[in-house]
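Reading through the structure tokens given below for one structure.
The numbers here are math on the coordinates, done by the rules we state, and not lab data. This one's a predicted model, so the numbers in the text were calculated from it and none came from an experiment. Here the Cβ positions follow ideal geometry from the backbone for every residue, glycine too, while neighbour counts run over all protein chains shown.
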Amino acid sequence: MASTHYTPAQLALHWLSAAFIIWALVMGFSVMLLDVTPTFKATIAGVNVSLSILFIPVFAVRTWLRLRHLRDHGHRPGERLAGVIHNVIYAVTALVLVTGVLMMDRPIQVFGWVTLPQPITDPVWDHRFHTLHAGCNGLLGMLVALHVLAVVKHEVVGKPVLRRMWVAR
């Protein structure tokens, strides 16, 4: 039988990822859809860019741990669909991060600590990556909502999946 236990690192990275992704999605869509001041919009954009750059290595480690876990343990019987959906969430998150970097139309500031060069200087490609980034964010938002609803559904029907996601058992 496949393992149902995750390492403390996997659990910590899951909750760190969840916090970052929910923050970035909520704040990104808020400044896009709500009437906010240009200063607030610029502040949120700067924070999201900085957090995203810092999140990239965290996500890379999380992805590596997931792949290693799947190699060693596979999926639990009867949970292949959940595994596929999780893989899609990982892929879309990677696309959001990559397109977010590639769409930058200026050097990338990381909380004023470091400045990274603008990866692409062609405005046409910047726009293409911006469009792809927006679409991937919409898809990621839907996948996160689906993920949360699936957790709620499993908890309601007596399959406590959250129990596996806590360090202290």
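Structure above, values below:
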item: Difference of contour (0.36 nm per residue) and Cα-Cα distance, V26 to D122; result: 31.7 nm
item: Cα-based helix-to-principal-axis angle, 38-73 vs the chain, degrees rounded to 10; result: 30 degrees
item: Equivalent ellipsoid semi-axes, the stretch 86-169, via Cα gyration tensor eigenvalues times 5, rooted, Å; result: 36, 16, 8
item: Intensity falloff of the chain expressed as log10 I(q)/I(0), Debye formula with alpha-carbon point scatterers, at q = 0.15, 0.19 Å⁻¹; result: -0.93, -1.32
item: Pairwise label distance in nanometres, A18 with A91, each label 7 Å out on the Cα-Cβ vector; result: 2.4 nm
item: Between 0 and 90°, nearest 10: helix 80-102 axis offset from the chain longest Cα axis; result: 20 degrees
item: Additional length obtainable on full extension of the chain from A42 to R71, 0.36 nm per residue less Cα span; result: 6.2 nm
item: Amide H contacts under 5 Å for I108, placed H, 5+ residues apart; result: L116, Q118
item: Helix 8-33 vs. the chain, principal-axis angle (Cα, 0 to 90°, nearest 10); result: 40 degrees
item: Gain in span if fully extended, M165 to A145, counting 0.36 nm per residue against the direct Cα distance; result: 5.4 nm
item: For the chain, size of Cβ-based charge dipole, Lys and Arg +1, Asp and Glu -1, in debye; result: 760 debye
